[in-house]
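The values are calculated or read from the model by the stated rules, or taken from the named source; none is laboratory data. The shown structure was predicted, so the numbers you read here are calculated from the model rather than taken from an experiment. Please note: Cβ atoms are built from the backbone with ideal geometry, for glycine as well, and neighbour counts cover all protein chains shown.
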Amino acid sequence: MERDERELRGAWTRYQRHAFHSPSPALSPWVERYWEARWDYAEPYRQKIVPYPNVHLSFGGGRADVNGVCGGYQIKVLEGRGHVFGVAFRPGCFRPFLGASVSTITDRVVPATEVFGPDLPMAPDAPAMDAFLLARLPDDDDRVRQAAAAVELIAEDKALTRVERLAAELGLSTRGLQRLFAEHVGVGPKWVIRRYRLHEVTARMAAGGAIDWAALAADLGYADQGHFIRDFKGMFGEQPTWYAQRYQAAGSGPGPVSPSTRPDAPR
């Protein structure tokens, strides 16, 4: 299968520009970052988006949407010139804004006015979103903090590969942990663990050099390489060796790629 040259070794950065902004400190317990994406394509480009467990509020093309966590990758076709501004909420922290279980919007896109009302600014920047969200700060919630801490632990502890261990670390039963994630994160703890451990794979791709796939699968807690490949393909839509070509020039080995320009960098 022939590859689109624009997706190899960060070539897409010639056509796209991404920027990230910090929210007001008072919003930081709920909002991870603001982000912007601009693109200019003479020919349509199939942008692969690989999810993290963030809910996003996005503005672009004359509409505003709340994007629930997706269980797998998505393809968005970019063409012409475009711009999107977004709010990435911290994993586990969107429920107070939604007023319902976050699992109710998993794999869904909801008109943002259904969640935030008609006063939502339709062409915002970071200061405008700060003002809008600061006026709607939720009350402190122990369960929100617990869910956020659980996801942070998964992200930071690379040796954490089992749901049972996470439950023990948090002092919860496995079932209690699953309920916490359904209510506040929108996907299960097993999915979140798998997503962050597979991030380790793309980090190694970006670092360059040969990869021992069997050893890497074992390091990530997989019983065998076949299960690792199945999970990777389910999340990224491609075999690991095929996906690795996004980090290398045709006919060469993997080369270093800036974290901000990785194909799976958080959007």
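On the basis of being closer than 28 Å to Arg197 by Cβ and not in a strand (DSSP E or B), does Pro127 make the cut?
It is false that Pro127 is closer than 28 Å to Arg197 by Cβ and not in a strand (DSSP E or B).
How many residues, within segment 174-205, are buried (at least 22 other Cβ atoms within 10 Å of the Cβ) and small (Gly, Ala, Ser)?
Count: 1.
Could you tell me which numbered condition Ile229 fails, if it satisfies all but one of (1) out of contact with any strand residue (DSSP E or B) (no Cβ under 9 Å at 6 or more places or on another chain); (2) surrounded by fewer than 18 Cβ atoms within 10 Å (Cβ to Cβ); (3) closer than 30 Å to Gly60 by Cα?
(3)
What pairs come out if I take residues in segment 131-159 that are on the phi < 0 side of the Ramachandran plot and in contact (Cβ under 8 Å) with a residue 60 or more places away in the chain and pair them with residues that are of a type in the set (A, V, I, L, M) and surrounded by fewer than 13 Cβ atoms within 10 Å (Cβ to Cβ) whose C-beta lies under 8 Å away, six or more apart or interchain?
Pairs that qualify, where the first residue is on the phi < 0 side of the Ramachandran plot and in contact (Cβ under 8 Å) with a residue 60 or more places away in the chain and the partner is of a type in the set (A, V, I, L, M) and surrounded by fewer than 13 Cβ atoms within 10 Å (Cβ to Cβ), are Leu134/Ala26; Leu137/Ala26.
Does Val84 satisfy the criteria of being more than 19 Å from the chain's Cα centre (by Cα), surrounded by 16 or more Cβ atoms within 10 Å (Cβ to Cβ) and without any contact (Cβ under 8 Å) to a residue 60 or more places away in the chain?
Considered against the rule, which asks whether it is more than 19 Å from the chain's Cα centre (by Cα), surrounded by 16 or more Cβ atoms within 10 Å (Cβ to Cβ) and without any contact (Cβ under 8 Å) to a residue 60 or more places away in the chain, Val84 comes out as no.
Restricting the search to segment 54-70, which residues are of a type in the set (Gly, Ala, Ser) and either surrounded by fewer than 16 Cβ atoms within 10 Å (Cβ to Cβ) or within 19 Å of Phe20 (Cα to Cα) (or both)?
Once the filter is applied, which keeps residues that are of a type in the set (Gly, Ala, Ser) and either surrounded by fewer than 16 Cβ atoms within 10 Å (Cβ to Cβ) or within 19 Å of Phe20 (Cα to Cα) (or both), segment 54-70 yields Ser58, Gly60, Gly61, Gly62, Ala64.
Within segment 22-47, count every residue that is within 16 Å of Phe132 (Cα to Cα) and over 16 Å from the mean Cα position of the chain (by Cα).
8
Which helices (runs of 4 or more DSSP H) does segment 182-245 wholly contain that include 1 or more residues that are over 23 Å from Asn54 (Cα atoms), out of contact with any Lys or Arg (no Cβ under 7 Å at 6 or more places or on another chain) and at pLDDT 90 or above?
Here the list reads 213-219, 225-236, 240-243.
Which pairs turn up if I take residues in segment 230-248 that are in contact (Cβ under 8 Å) with a residue 24 or more places away in the chain and look for partners that are charged (D, E, K, R) and surrounded by 16 or more Cβ atoms within 10 Å (Cβ to Cβ) with beta carbon separation below 6 Å, at least 6 apart in sequence or on another chain?
Qualifying pairs under 6 Å: Asp231/Arg194; Arg246/Glu7; Gln248/Arg9.
Take the conditions crowded, with 18+ Cβ neighbours inside 10 Å, closer than 23 Å to Asp139 by Cβ, touching a residue at least 40 places away in the same chain (Cβ under 8 Å) and touching a helix residue (DSSP H, G or I) at 6+ places or on another chain (Cβ under 9 Å) and apply them to Val50. Does it pass?
No; evaluated as a whole, the condition is false for this residue.
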